[in-house]
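The values are calculated or read from the model by the stated rules, or taken from the named source; none is laboratory data. From a predicted model like this one, the values you see are computed outputs, not experimental measurements. Cβ sites come from the backbone with ideal geometry, for glycine too, and all protein chains shown count toward neighbours. All accessible areas refer to the heavy atoms of the entire protein, side chains included, with ligands and DNA or RNA removed. Shrake-Rupley method; radii C 1.70, N 1.55, O 1.52, S 1.80 Å.
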Amino acid sequence: GKWRQLWKYGDLSLFERAHSDPTIKLASDGAGGKFGQDPRRARVGWAAVAVRFASADPDCSEVVEIAALSGGVWDQQTVPRAEVAGLINLLCLTGPEGDLEVGIDNASVLSQLKSRKLALDSRSSDLWGAGAEIIDGRAGSVTGIKVKSHAEDSHFDAGLKVSWAVANEIA
């Protein structure tokens, strides 16, 4: 089907425990690879990760456990679609209840997560259509946490928490 699994790592039940375990951070990402900017040759992919840290301290960098799922995108091969697919697939893994925070480095996906209109007006509207069903079926909120990809000291000085940056790098 459309959500065909291509690669799995670790115990995926880690995703389901994220809403009740403050040591687990969730993150999603998309990438275009070598030809990501050329729509004629692009083959994009997404990743969803659950990362359990040694403590709930937001600046903890010691990773204890990782679970990950990644795959490809159908139809238009664009990085923004891969970013959305990563989030939607992550939500499929988390179970139907509990408040979630998800580390996301793509500003458009963060905006679309907050605004159903923006999401359904985007080029990823088909993905968001499936995502809306998942989000609406949840007993709990889904909040995007802005993460700077490939963070540097200045980003941490500005308030980025180490655990979010680590989870994003793993994704």
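Accessible area per residue for the range 105-163 in Å², computed with a 1.4 Å probe and the full protein assembly in place, what is it?
Numbers: 3410 Å² over 59 residues.
Heavy-atom SASA per residue in the range 105-163 reads 58 Å².
Counting helices only, and only those DSSP H runs with n ≥ 4, report the 222 nm mean residue ellipticity of the chain as the sum of -39,500 (n - 2.57) divided by its residues, in deg cm²/dmol to the nearest 500.
Details: 7 runs with 59 residues, N = 171.
Theoretical 222 nm ellipticity from helices: -9500 deg cm²/dmol.
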So, taking all protein chains as they sit and a 1.4 Å probe, how much accessible area belongs to LYS8, in Å² rounded to tens? 110 Å²
Which one is right for this structure if Rg/Rh (Cα atoms, Kirkwood Rh) is calculated from it: [x] 1.02; [y] 0.95; [z] 0.98? [y]
Taking 0.36 nm per residue of separation between SER111 and VAL64 and subtracting their Cα-Cα distance, the length gained on full extension comes to 13.8 nm
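Quantify, in whole percent, the carbon and sulfur part of the accessible surface of the range 54-152 (1.4 Å probe; protein heavy atoms only). Spell out each step's value before the answer.
On the way: 2300 of 4600 Å².
Heavy-atom surface of the range 54-152 belonging to carbon and sulfur, 1.4 Å probe: 50 percent.
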Based on the Cβ-Cβ distance from LEU12 to SER154, what FRET efficiency comes out when R0 is 41 Å, to the nearest 0.05? 0.70
Could you tell me how many degrees, from 0 to 90 and to the nearest 10, lie between the Cα long axis of helix 125-136 and the main elongation axis, the longest principal axis, of the Cα atoms of the chain? 40 degrees
Could you give me the ³J(HN,Hα) list for the range 44-54, computed from phi with Karplus coefficients 6.51, -1.76, 1.60 and θ = phi - 60°, whole Hz, x at Gly and Pro? 9, x, 10, 9, 10, 10, 10, 10, 9, 9, 5
